[in-house]
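Please read the structure below before turning to the comments.
Just so you know, all these numbers are worked out from the coordinates, no wet-lab data involved. All figures in this text were calculated on a predicted structure; none of them were measured in a lab. Here the Cβ is made from the backbone with ideal geometry for all residues, glycine too, and neighbour counts use every protein chain on show.
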Amino acid sequence: MNKNKEQLLNKRYKAEKRFRLYGQSAIFMALLFLIIFIFKIFSTGYSAFQKTWLIVPVTFDAELMMLEQNPSKEDLKDADYYDIALKSMADLDPNANENQENELKRMVSYFFEREIKRELLNDPSLIGKTKDVYLTASDDLDQVFKGNYPRDLPEDQRRVTDYQLKIFDQLVELGKVESKFNLSFFTYPDSREAELAGIASSFMGSIFSILVCLMIAFPVAVLAAIYLEEFAPKNRFTDFIEVNINNLAAVPSIVFGLLGLGILLAVFQLPRSTPLVGGITLSLMTLPTIIIACRASLKAVPPSIREAALAMGASKMQTTMHHTVPLSMPGTLSGTIIGLAQALGETAPLILIGMVAFVNTIPGSPLDPAASLPVQIYIWAESAERGFVEKVSACIMVLLGFLIIMNLFAQIIRHKFEKKWS
Amino acid sequence: MIKISSKNVDVFYGKKQALFNINLDIEENQVTALIGPSGCGKSTFLRCLNRMNDVIDICRVKGQIIINDFDINDKSCDVVRLREKIGMVFQKPNPFPKTIYENISYGPTIHGMAQSKNEMDEIVETSLKKAALWEEVQDRLHEPGTGLSGGQQQRLCIARAISVKPEVILMDEPCSALDPIATAQIEELIDELKKDHTIIIVTHSMAQAARVSQNTGFFHLGELIEHGSTDKIFKNPENKKTQDYITGRFG
C-alpha cells in the first residue's frame, strides 16, 4: 500500500517535469524561429543602408553646357549637363573606344546628370573649373563594392562587364569609391533602378492610408460599440449584429479589397491607386477590431460606477459620456492601435485597389497615387535585379520597426492610463 | 409626518415575483431600517424608491410610490429629477475613479447648483464636513478618491450623495464592507444626517437596525411581514416570524 503511494507520487513528479519540458521546448522553438528570421533579415538588409558613390572629376565647361557669359540662375537651370556628364565619365579612361565609353556611362546611375547639375547650382563659381563630384554608382557596382556580387561568373552571365570591373577596381585603388549612409533610401520614391529606389512614396502612402483609416474607423467603431454596449436593447436582433461583427473580423482581407474595387472604384469612381481608397478599404477591416476592443473595455467598467452616476441623477447619456467612455478609453485606444498595426501590414486589399502601381512620385495628399510599405516589399521582391534583394529586407526592417513602435505605444497606453479598481 | 408612502407595490424579475403587495409609510426626518434574511426583497424595495430598478431590463414595478404627493411610477416622472431628490449609498463603496473634489462636485455640476468656483468649493466643504470626512481629507482634495480607506470611501460616497441636498437618502447595507470602527463612524453620521434628511437603510445587522433606526420594517420572502417603531418590533413583535427572526431562530 505504502509502496503504491510512493509510485504514484513519483509518477506525478515525472509528469510535471515532462510537462515543463514540453513548454520550455515550445518556447525555445518559437524563439529560435524568431531569431533566425530576424538574423536573416538584418544580415540581408543592413547593407541597403549604405550606398556606393564614385568620385569623378567633372569639368564644368561653359561651351559644352551651352552657357553664355555671366549666366543667370535661370540659365544655369536650363543648361545642358548631359554632355559634360558623359565627357567626365568617358575621361575616366582616355583610351576608351565608343563601346567602352557607353560602358563607362553605365557605371553610374542615370541621375548622374542631375547630380552634376545640383553641384553647379550650389556653387555657380565652378564654371570653367574642375571638381570631384559624388555620383551614385550603378546598383551592380554597388553590390560589387558590398561584396554581394559573384565576380567569378563568366562574363556573359553577368551584367557587369570585365571592362567595367577593371575601371572600378582602379577607382577603388585610387580611393575614388566611397560608401556613405544611404539617405536616398528614405527620401527617394520608388524607381526601376535599384540604386535610386527609395521608400518615400510607399512610406507616405502608408501614413496617409493609416490616417484615412483611423479617421473613418475610429469614430464609427466607437459610436457603434457605445450604442451596442450601453444603449441598445438586448434582443435577437442585437445578438445577430454582434455575431456578424465577430464574423466580419474573420473575413479574409482580400475580400475587403474586392469590395473596395467593386464599390469604391467602380461605383463611386474614386481615384485609383490612392491612399484615400486604400484607407477606406482598410477601415472596413479595422472596424470590427476596434468595435470588439471598445466593447470589451466598456464591459470591463464595473457596473457600480454606472450605478453611482445614475443614482446621482446623471442621465444615461451623461453616465456614459462622463464615466463609462472615459474609463474605457485606454482599452479602446490600445485596441485601435493594434487594429491600425494590422492594417499597416495589409497587402492583398491594396493590391486589388491598384496601390501596387509603379509610383515614382512622393504623394502629397491622400488623393495622389501611392504604394504602401508592404506592397513595396511585394513589388521589390518581384524585381529581378540583385540590388533589390537587400532593399526588400531593409523595407521589411522599416515596416517591422514601425509595427513594434505602434504595439509598444499600445502597451504603454494600456498600462499607464488604465485605472486600477480598488 | 409621512414622507414616502408605497401602495400595493409588486415587483417582478421576468416571470418571478420578488415583492408582493408592499404597503409601507416612511416618516420624514427619521431613520427607517429594512431588515430580513437574504433574498427577502428589502434591497429591491429600496431600489424602487429612486427607480434604480429601471436599469435592470427584466424588472417591472407595479403599484404606487408617493413622494411629496407625486407618484414616482407615473410616466410623467423624470428620473433625473427624482434621483436629485433621492440620493443613494451602495453596499460597496463606489467612488468615481477621480479626485475627492471631483467626486463631490459631480452631482452639483450636472444639476447646475453652483454658479462659481467659490460656490462649488463651499458645497464640497460642507458636504465633506457633514459626512465627517473634512478633517481627514482637506489637505488632499485633489488626490484620487479611490486611494482612501474603505470606511473613508464610504463616507466619501455619503458626502457625494448629500452634495445635491437630497430630501431622502437610501442606504443599501452601507456598512457591510466595513470594519467595526468605520461602521460606528457611519452610524454616528446617520444619526446626525437625519436632522436634514429622511433616511432608509437596509441592513443585515439587527443590532445596527436597533441602534440607528426609529422605525423598522421586516421583510420575508418578498412580503412585508411587520412594520412599526423599532422599539416595538424588537421588544414586542406581533408576528411569530418577526419574533423568530429577531431572536435568531432563522435568517
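Of note:
- Reach of A:K166 by Cα under 17 Å, taken over lysines that are not fewer than 8 positions away in the same chain: A:K105, A:K146, A:K176
- With q set to 0.09, 0.10, 0.15 Å⁻¹, the log10 of I(q)/I(0) for the stretch A:200-417, from the Debye formula over equal scatterers at the Cα positions, is -0.42, -0.51, -0.97.
- Close amide H contacts of B:I4 (hydrogens built in the peptide plane, cut-off under 5 Å, sequence separation of 5 or more or a different chain): B:I26.
- Max mean-square fluctuation residue, GNM over chain A, Cα-Cα springs under 10 Å, options A:Y188, A:Y13, A:Y81: A:Y13
- Under 15 Å from the Cα of B:K232 - aspartates and glutamates, other chains or at least 8 residues apart: B:D244
- Residues B:D54 and B:D10, FRET efficiency given R0 of 22 Å [Cβ-Cβ distance, rounded to 0.05]: 0.90
- Exercise: per-residue mean of other protein chain Cβ atoms within 10 Å, A:302-310: 6
- Length added when fully stretched, A:S304-A:L270, from 0.36 nm per residue minus Cα-Cα: 7.4 nm
- Rounded if a/c under 1.5, otherwise prolate or oblate - the stretch A:47-182, Cα gyration tensor axes: prolate
- Using alpha-carbon coordinates, inclination of helix B:117-130 to the longest axis of chain B, degrees: 40 degrees
- Relative exposure of B:E188, A:E16, judged by other C-beta atoms within 10 Å (fewest first): A:E16, B:E188
- For the stretch B:61-185: rounded, prolate or oblate by the Cα gyration tensor [a/c cutoff 1.5]: oblate
- Placed amide H near A:Q50: partners under 5 Å, 5+ positions off or other chain: A:N182
- Listed by chain and number, the lysines whose alpha-carbon sits under 26 Å from that of B:K75, ignoring those within fewer than 8 places in the same chain, are A:K234, A:K316, B:K3, B:K7, B:K15, B:K16, B:K42, B:K62, B:K85, B:K165.
- Tensor-based shape of the stretch B:53-116 (alpha-carbon gyration tensor, a/c under 1.5 rounded, otherwise prolate or oblate): oblate
- Nearest-0.05 FRET efficiency for B:M113 and B:H142, computed from C-beta distance (R0 25 Å): 0.75
- Residue (of B:C48, B:Y106, B:I22) at the positive-pole extreme of the stretch B:1-149, dipole from beta-carbon charges: B:I22
- Angle in degrees between helix B:180-193 and the longest Cα principal axis of chain B, rounded to the nearest 10: 90 degrees
- Comparing A:L183, A:L31, A:L248 in a Gaussian network model of chain A (Cα springs below 10 Å), the most mobile by mean-square fluctuation is A:L31.
- Projected label points at A:N95 and A:Y82, each 7 Å from Cα along the beta carbon direction, are separated by 3.1 nanometres.
- Chain A: most fluctuating residue of A:K17, A:K87, A:K51 per GNM, C-alpha cutoff 10 Å: A:K17
- Normalised by 2.2 N^0.38 Å, where N is the number of residues, the C-alpha radius of gyration of the stretch B:2-246 stands at 1.01.
- Modelled FRET efficiency - R0 22 Å, B:D196 with B:E27, Cβ distances, 0.05 increments: 0.90
- Taking every DSSP helix (H) stretch of at least 4 residues in chain A, weighting each as -39,500 (n - 2.57) and dividing the sum by the residue count yields a mean residue ellipticity at 222 nm of -19500 deg cm²/dmol.
- Put simply, the amide H of B:I225, placed in the peptide plane, has neighbours under 5 Å in B:F218, B:F219, B:H220, leaving out anything fewer than 5 places away on its chain.
- Over all projection directions, the Cα-based convex hull of the stretch A:42-97 averages an area of 6.6 nm².
- The Cα center of the stretch B:55-78 and the Cα center of the stretch A:245-308 differ in position by 42 Å.
- 10 Å-binned pair-distance histogram of the protein assembly as shown (Cα, whole percent): 3, 11, 15, 14, 12, 12, 11, 8, 6, 5, 3, 1, 0
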